[in-house]
Each structure stands twice: as C-alpha cells, then as structure tokens.
Amino acid sequence: MSKFSRSFCVAHQCEEAREFFEDVLCVAERVLFIGTVGLEASSLYFPMLLRGSTQVDYRFIVEKRPSVDAGLVELGGRHRAYLEASLDVDRTAFVEVAVVADDGATVAGRNAVIAAGKWLNAAYSDIVIDATGMSRGTCFPIIKQAMEVATQRGANLHLVVAGEKKRTLQIRSETNDRADWIHGFQGRMWSDQADDIMTLWVPQLSERISGALSRMYPVLQNLSEVCPILPFPAYDLRRGDNLRSEYRDALQNEWEAGSLDLIYAHETDPLDVFRTVSKLHNTRMRVFGGTDQSATTVLSPNGWRVGSVGMLLAAIEHDLPMLYVETVGYSCEGEIPETIESKVPEVSWHLWLAGAPYANVTNSP
C-alpha cells in the first residue's frame with residue numbers, strides 16, 4: 001500500500017480548498033464522493049460545492065446508533081432531505097451503517113468498508129472522502145481502503161474536512177462500555193507479538209471524555225509512557241490549560257505524565273498534528289532501534305475532528321494502531337436549529353492523498 005508522504009503534500013485550506021473544488025474537481029472526468037449525513041451544517045458544505053458537476057456520484061453513509069435524541073434524529077432527517085433536494089437524484093444514494101451490534105460490539109468500520117467496497121469497484125478519476133460529519137470509526141477505515149484502491153488504479157484520492165471553531169450544537173456523546181481498535185488499524189496489538197512491545201500511548205484530550213479514556217487505558221499492554229496531545233494554538237486560548245486542569249488527576253496519578261510528556265499541536269491544522277506525532281514516533285524508533293526491544297505508538301483520536309485527521313495521516317504513514325471508544329448515542333443540551341442552510345465553514349481543508357501529485361514522489365525513510 002502506498003503511504004502518505006510526510007515530505008510532500010498538496011494541501012489547500014479554506015478559500016483555496018473551495019477554489020480547488022471549483023477549478024479541478026467540478027470538471028474532473030468522473031468523481032466518487034463519499035460523505036455522511038451529519039448533524040452539523042458543515043457536513044453539507046463540500047457536497048454542495050460539487051453540485052454544479054454532472055460527473056459526480058454521491059454516496060452518503062447514514063450512521064445508525066441505538067441511542068439518539070428524537071430531535072437530533074429529526075435534524076439528521078432534514079439534512080438528508082436537503083441533500084436529496086439539492087443533488088442529482090439519479091446519482092445520489094444513502095446507505096445505513098450500524099455502528100454497534102446487538103451485543104455491543106463495535107462494527108462501524110467493518111460495515112463501512114463493505115458498503116464502500118461496492119462503490120469503489122467502479123472506475124473513477126477522482127475519489128473524495130468527506131470526513132466532516134463521519135465518525136472516526138467509520139471514516140478512517142474507508143480512507144485506508146480508498147488509498148489502496150486509488151494506488152492500484154492510479155486514481156486521485158482527496159480527503160476533505162470542514163468545521164466551525166466553536167460548536168454550533170451543544171451535543172453530549174454517550175460512549176460504548178468497551179474500547180476497540182479502529183478497523184484496519186490494529187497492527188500487532190492484541191496478538192501474541194504484543195506481549196513484547198513497549199507501548200507509547202498518544203491520546204487526544206478533549207472535554208468530557210475522561211470515561212472513554214479510562215476504558216482505553218487498561219487495554220494497553222506493556223505501556224511504558226503516555227504523551228497526551230493538547231490543542232495549541234486553539235480558538236479558545238485557555239483551552240489547553242483548561243484540559244490540563246480537567247485531566248490533572250489522570251495525568252499525575254494514573255498515567256504518570258508530567259509537563260514534559262505533554263504534546264501541543266494546532267487545533268485546526270491536521271498537518272501540524274501529523275508532523276508532531278511523526279516526529280515523536282520517529283525519535284522513539286531511533287532510540288529503540290539500537291536495542292532488542294520492539295516498540296510502537298498507539299494513537300487515540302478522541303478530540304477535535306480536524307486535528308484527528310492528522311492522527312490518521314500519521315497512522316497510515318507509520319502503520320500505527322489506533323484505539324478508541326465508539327459513540328453509541330447523542331443528546332442535545334441546547335436548541336436545535338429550525339432552518340437548514342449550507343454556509344461557508346470557518347475551517348476547511350483539502351488534502352490530496354494519492355494520485356497524480358504523488359506519481360514521482362518517494363517516501364522518506
């Protein structure tokens with residue numbers, strides 16, 4: 001499988017991302033767009049940029065969870081109706097994907113790649129994966145799968161993500177009672193080989209996810225070090241300090257992580273997160289390279305969505321495992337908007353992961 005090159009990346013942010021869609025993707029030969037029906041209005045942004053093209057097949061995943069407030073279900077239904085009314089009905093399809101099985105097992109990733117595998121069978125010049133409204137357990141396996149397909153067929157693969165610097169919906173998540181490896185990102189973990197691997201854990205800290213992190217911690221074997229990643233710079237300049245305060249007990253007493261163990265990466269720059277994690281992992285591999293001890297870095301993308309895309313890129317580049325706790329339900333603590341509109345989000349990124357720009361690029365050792 002071709003990996004994401006840390007030495008070269010075609011990336012566009014905000015206005016440049018919009019211009020790339022209009023100038024390149026809207027006139028591409030044949031485009032497959034894979035997105036989701038999200039709860040945030042920002043999930044409507046990228047599909048609306050492509051609606052002027054007649055060469056786009058739209059495929060939307062509808063994530064089905066067992067516990068979602070009726071108001072949020074209705075909001076998701078209105079977003080779906082908006083997409084159905086705005087896009088070519090003959091080129092648009094919606095597929096429901098169960099996130100958890102009846103016994104509580106996480107099945108989002110496996111179900112998602114089965115659905116996406118049928119879409120990826122056709123010949124496309126460009127494949128666009130929209131991570132904006134998709135959960136990590138659904139989106140990340142599809143992106144890895146699409147990279148393999150794009151590399152084999154010489155197609156262009158684009159990853160896009162959009163969002164607001166401040167949440168427009170006050171949503172509280174209900175997490176599963178078990179930790180799982182993201183489908184396709186297990187590596188050697190939970191195997192006989194894992195018994196001898198010295199593990200570094202890099203969890204992404206975010207508000208009110210201490211319960212999920214406490215379920216991940218006992219799963220990790222031979223855990224030698226914990227380096228939590230905090231958002232800085234951030235929209236709220238005090239966010240990093242507030243998170244350090246929220247997780248003070250875990251940092252000091254459970255994880256034994258001091259100030260020097262904390263990692264800081266830009267809240268809305270996935271490439272900064274990617275470079276930060278890559279540098280940490282590479283340094284550690286050089287240290288263990290002179291010993292007989294095996295080592296790995298486990299990533300847990302739990303926080304701000306745009307930053308978690310950087311974790312995905314690092315996991316693909318270095319073949320790293322990713323541990324997470326799936327969300328099984330949502331509730332809303334504030335008002336739900338009465339009108340639906342697609343507007344320009346405050347943050348948007350386009351990353352060209354495979355295809356023409358990478359034809360003559362060799363990955364760094």
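Here are a few things to note about the model shown:
- Residue 55-residue 252 FRET efficiency (beta carbon distance; Förster radius 45 Å; 0.05 resolution): 0.20
- Of the trypsin sites (Lys or Arg not before Pro) found in the range 265-365, those that fall in a DSSP loop while having at most 12 other beta-carbon atoms within 10 Å are 343.
- Beta bridges from DSSP with both residues in the chain: antiparallel share about 35 percent, rounded to the nearest 5.
- Tensor-based shape of the range 114-170 (alpha-carbon gyration tensor, a/c under 1.5 rounded, otherwise prolate or oblate): prolate
- Computed 3J(HN,Hα) for the range 203-208, one whole-Hz value per residue from the Karplus formula 6.51 cos²θ - 1.76 cosθ + 1.60 where θ = phi - 60°, is x, 8, 7, 8, 5, 6, glycine and proline marked x.
- The angle between the Cα long axis of helix 136-153 and the main principal axis of the chain comes to about 70°, on a 0 to 90 degree scale.
- The shape of the range 148-258 comes out oblate: with a ≥ b ≥ c from the C-alpha gyration tensor, a/c is at least 1.5 while a/b does not beat b/c.
- Zone of residue 261's modelled label, taken as backbone nitrogen in the range 305-333 under 19 Å from a point 7 Å along Cα→Cβ: 323-324
- Largest GNM mean-square fluctuation across 176, 302, 242, computed for the chain with C-alpha springs under 10 Å, falls on 242.
- Taking the convex hull of the alpha carbon positions in the chain and averaging its projected area over all directions gives 17.9 nm².
- Taking amide H atoms as placed 1.01 Å from N in the peptide plane, the amide H of residue 36 lies under 5 Å from those of 61, 133, each 5 or more residues away in sequence or on another chain.
- With R₀ fixed at 51 Å, the C-beta to C-beta distance from residue 292 to residue 89 puts the FRET efficiency at about 0.25.
- Amide H contacts under 5 Å for residue 198: 294, 295, 296, restricted to partners 5 or more places along the chain or on a different chain, H placed in the peptide plane at 1.01 Å from N.
- Compactness index (Cα Rg / 2.2 N^0.38 Å), the range 11-141: 1.06
- Estimated translational diffusion coefficient (Stokes-Einstein, Kirkwood radius over Cα pairs, 10 °C, 1.306 mPa s) of the range 67-108: 129 µm² per second.
- Between 148, 19, 335, the Gaussian network model of the chain with springs among Cα atoms under 10 angstrom shows the greatest mean-square fluctuation at 335.
- ³J(HN,Hα) computed for each position of the range 239-253 - Karplus, 6.51 cos²θ - 1.76 cosθ + 1.60, integer Hz, glycine/proline x: 4, x, 5, 5, 5, 4, 5, 4, 9, 4, 5, 5, 4, 7, 9
- Within-10-Å neighbourhood charge of residue 59 [Cβ basis; K, R +1; D, E -1]: +1
- Loop-located chymotrypsin sites (Phe, Trp or Tyr not before Pro) in the range 218-279 (DSSP state not H, G, I, E or B) with no more than 16 neighbouring Cβ atoms inside 10 Å: 235.
- Ligands, DNA and RNA are left out, and with a 1.4 angstrom probe the accessible area of the chain is 44 Å² per residue.
- Spin-label model, residue 177 to residue 238: label points 7 Å out along the Cα-to-beta-carbon direction sit 3.8 nm apart.
- Under the simplified labelling scheme, the residue 30-residue 344 pair shows an inter-label distance of 3.4 nm, with each label point 7 Å from Cα along Cα→Cβ.
- Surface composition of the chain: carbon plus sulfur atoms hold 46% of the accessible area, using a 1.4 angstrom probe and ignoring ligands, DNA and RNA.
- What the phi angles of the range 258-270 give under the Karplus curve with 6.51, -1.76 and 1.60, with θ = phi - 60°, is a coupling list of x, 4, 6, 8, 6, 10, 10, 9, 4, 5, 10, 10, x Hz, glycine and proline written as x.
The values are calculated or read from the model by the stated rules, or taken from the named source; none is laboratory data. For clarity, every value in this text was computed on a predicted model and none was experimentally measured. Backbone-built Cβ (ideal geometry, glycine too); neighbour counts: all protein chains shown. Each accessible area value is taken on the protein alone, full model and side chains, heavy atoms only, with ligands, DNA and RNA left out. Shrake-Rupley method; radii C 1.70, N 1.55, O 1.52, S 1.80 Å.
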